[in-house]
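Notes follow once the structure below has been shown.
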Amino acid sequence: MNSIKRIIGIGLPSLGLVLGFLCLGRAVETALDQNPNRLGKRETITAGLLLGIPSTAGSAWMLMAMRRDRQLIQSRRLQQLFYKAVRANHGRINALQLAMLAEISVEAAQDFLDGWAGPLDADYQIDETGVMVYCFNVSAANLAQLDRFNPFEEV
(Lines give C-alpha, C1' and ligand atoms only; values in the text may rest on other atoms or scores of the structure.)
Protein backbone atom coordinates (compact mmCIF):
# COMPACT_ATOMS: atom_id res chain seq x y z
CA MET A 1 0.00 0.00 0.00
CA ASN A 2 2.86 2.36 0.81
CA SER A 3 4.41 1.90 -2.62
CA ILE A 4 1.10 2.73 -4.30
CA LYS A 5 0.87 5.97 -2.32
CA ARG A 6 4.43 6.81 -3.31
CA ILE A 7 3.78 6.11 -7.00
CA ILE A 8 0.65 8.24 -6.97
CA GLY A 9 2.40 10.92 -4.92
CA ILE A 10 5.17 11.20 -7.50
CA GLY A 11 3.16 10.39 -10.62
CA LEU A 12 0.39 12.95 -10.32
CA PRO A 13 2.63 15.95 -9.69
CA SER A 14 4.93 14.76 -12.48
CA LEU A 15 2.03 14.67 -14.91
CA GLY A 16 1.04 18.15 -13.73
CA LEU A 17 4.56 19.41 -14.35
CA VAL A 18 4.57 17.91 -17.85
CA LEU A 19 1.20 19.49 -18.62
CA GLY A 20 2.32 22.84 -17.23
CA PHE A 21 5.57 22.84 -19.18
CA LEU A 22 3.77 21.87 -22.39
CA CYS A 23 1.27 24.69 -21.98
CA LEU A 24 3.96 27.23 -21.11
CA GLY A 25 6.14 26.02 -23.97
CA ARG A 26 3.27 26.38 -26.41
CA ALA A 27 2.58 29.91 -25.15
CA VAL A 28 6.23 30.91 -25.55
CA GLU A 29 6.48 29.26 -28.98
CA THR A 30 3.36 31.12 -30.12
CA ALA A 31 4.60 34.42 -28.71
CA LEU A 32 7.92 34.09 -30.54
CA ASP A 33 6.27 33.14 -33.86
CA GLN A 34 6.87 35.89 -36.43
CA ASN A 35 4.06 34.79 -38.78
CA PRO A 36 1.55 37.70 -38.91
CA ASN A 37 -1.16 35.50 -40.49
CA ARG A 38 -1.36 33.09 -37.56
CA LEU A 39 -4.90 32.86 -36.22
CA GLY A 40 -5.69 32.85 -32.51
CA LYS A 41 -2.23 33.95 -31.40
CA ARG A 42 -3.47 35.95 -28.40
CA GLU A 43 -5.87 33.21 -27.31
CA THR A 44 -3.17 30.53 -27.54
CA ILE A 45 -0.78 32.58 -25.43
CA THR A 46 -3.46 33.39 -22.85
CA ALA A 47 -4.65 29.78 -22.58
CA GLY A 48 -1.08 28.51 -22.32
CA LEU A 49 -0.28 30.90 -19.49
CA LEU A 50 -3.59 30.38 -17.66
CA LEU A 51 -3.18 26.60 -17.74
CA GLY A 52 0.60 26.35 -17.50
CA ILE A 53 1.41 28.60 -14.56
CA PRO A 54 -1.06 27.14 -12.01
CA SER A 55 -0.38 23.57 -13.14
CA THR A 56 3.39 23.97 -12.83
CA ALA A 57 3.21 25.83 -9.51
CA GLY A 58 0.73 23.40 -7.95
CA SER A 59 2.68 20.35 -9.05
CA ALA A 60 5.96 21.76 -7.76
CA TRP A 61 4.27 22.56 -4.44
CA MET A 62 2.93 18.98 -4.19
CA LEU A 63 6.39 17.51 -4.81
CA MET A 64 8.01 19.78 -2.21
CA ALA A 65 5.29 18.94 0.35
CA MET A 66 5.82 15.23 -0.25
CA ARG A 67 9.58 15.68 0.25
CA ARG A 68 9.02 17.64 3.46
CA ASP A 69 6.65 14.97 4.79
CA ARG A 70 9.16 12.23 4.01
CA GLN A 71 11.90 14.14 5.85
CA LEU A 72 9.62 14.68 8.84
CA ILE A 73 8.78 10.97 9.01
CA GLN A 74 12.47 10.09 8.82
CA SER A 75 13.31 12.63 11.52
CA ARG A 76 10.65 11.23 13.85
CA ARG A 77 11.84 7.67 13.21
CA LEU A 78 15.43 8.66 14.00
CA GLN A 79 14.29 10.47 17.13
CA GLN A 80 12.40 7.38 18.35
CA LEU A 81 15.40 5.12 17.69
CA PHE A 82 17.66 7.56 19.54
CA TYR A 83 15.27 7.65 22.48
CA LYS A 84 15.12 3.84 22.70
CA ALA A 85 18.90 3.48 22.34
CA VAL A 86 19.61 6.06 25.05
CA ARG A 87 17.22 4.32 27.44
CA ALA A 88 18.56 0.84 26.65
CA ASN A 89 22.22 1.86 27.01
CA HIS A 90 21.66 3.88 30.20
CA GLY A 91 22.46 7.16 28.44
CA ARG A 92 25.61 6.07 26.58
CA ILE A 93 25.72 5.98 22.78
CA ASN A 94 28.21 6.67 20.02
CA ALA A 95 27.70 7.71 16.43
CA LEU A 96 28.48 4.26 15.00
CA GLN A 97 25.86 2.59 17.20
CA LEU A 98 23.19 5.09 16.14
CA ALA A 99 24.23 4.83 12.48
CA MET A 100 23.92 1.05 12.51
CA LEU A 101 20.63 1.13 14.40
CA ALA A 102 19.01 3.77 12.17
CA GLU A 103 20.73 2.65 8.94
CA ILE A 104 22.13 6.11 8.21
CA SER A 105 25.63 7.40 7.58
CA VAL A 106 28.01 7.89 10.48
CA GLU A 107 28.26 11.59 9.61
CA ALA A 108 24.48 12.00 9.82
CA ALA A 109 24.44 10.16 13.15
CA GLN A 110 27.27 12.37 14.43
CA ASP A 111 25.35 15.51 13.41
CA PHE A 112 22.21 14.18 15.07
CA LEU A 113 24.01 13.41 18.33
CA ASP A 114 25.74 16.79 18.29
CA GLY A 115 22.33 18.42 17.88
CA TRP A 116 20.99 16.63 20.95
CA ALA A 117 24.13 16.96 23.07
CA GLY A 118 23.70 20.68 23.80
CA PRO A 119 20.07 20.79 24.91
CA LEU A 120 20.39 17.62 26.99
CA ASP A 121 23.75 18.56 28.57
CA ALA A 122 25.55 15.45 27.38
CA ASP A 123 29.04 14.64 28.55
CA TYR A 124 31.66 13.20 26.22
CA GLN A 125 33.96 10.31 26.98
CA ILE A 126 36.57 8.57 24.87
CA ASP A 127 36.46 4.79 25.24
CA GLU A 128 39.43 2.42 25.08
CA THR A 129 39.20 2.19 21.26
CA GLY A 130 39.30 5.96 20.81
CA VAL A 131 35.62 6.41 19.94
CA MET A 132 33.76 9.40 21.35
CA VAL A 133 30.81 8.25 23.46
CA TYR A 134 27.97 10.61 24.29
CA CYS A 135 26.79 10.25 27.87
CA PHE A 136 23.27 11.59 28.31
CA ASN A 137 21.73 12.05 31.74
CA VAL A 138 18.67 9.79 31.64
CA SER A 139 16.84 11.42 34.52
CA ALA A 140 13.08 11.81 34.34
CA ALA A 141 13.40 15.52 33.45
CA ASN A 142 15.74 14.84 30.53
CA LEU A 143 13.57 11.98 29.27
CA ALA A 144 10.58 14.34 29.25
CA GLN A 145 12.71 16.83 27.31
CA LEU A 146 13.46 14.13 24.72
CA ASP A 147 9.76 13.92 23.91
CA ARG A 148 9.30 17.67 23.49
CA PHE A 149 12.45 18.84 21.72
CA ASN A 150 13.67 18.16 18.19
CA PRO A 151 16.69 20.29 17.19
CA PHE A 152 16.22 19.48 13.49
CA GLU A 153 12.56 20.43 13.15
CA GLU A 154 11.88 23.29 10.76
CA VAL A 155 10.71 26.49 12.39
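The values are calculated or read from the model by the stated rules, or taken from the named source; none is laboratory data. Note that the structure is a prediction, hence the values are computed from the model and not measured. Positions of Cβ are generated from backbone atoms using ideal geometry, with glycine treated the same way; all protein chains shown enter the neighbour counts.
For this structure, a couple of remarks:
- Subset tally (residues that are of a type in the set (Ser, Thr, Tyr), closer than 30 Å to Gly16 by Cα and touching a helix residue (DSSP H, G or I) at 6+ places or on another chain (Cβ under 6 Å)) for the range 52-94: 3
- Filter pass, Pro36 being more than 27 Å from Thr129 (Cβ to Cβ), under 18 Å from the mean Cα position of the chain (by Cα) and not charged (D, E, K, R): no
- Ser3 under 30 Å from Asn137 (Cβ atoms) and either part of a helix (DSSP H, G or I) or outside the structural domain of Gln97 (by TED's automatic domain parsing) (or both): no
- Condition check for Leu146: buried (at least 16 other Cβ atoms within 10 Å of the Cβ), assigned to a helix (DSSP H, G or I) and at pLDDT 80 or above: no
- Residues in the range 49-74 that are polar (S, T, N, Q) and either surrounded by fewer than 16 Cβ atoms within 10 Å (Cβ to Cβ) or free of Cβ contacts under 8 Å to residues at least 40 places away in the same chain (or both): 3 in all.
- Restricting the range 77-99 to residues that are charged (D, E, K, R) and touching a residue at least 40 places away in the same chain (Cβ under 8 Å), the residue that is nearest to Val138 (Cα to Cα): Arg87
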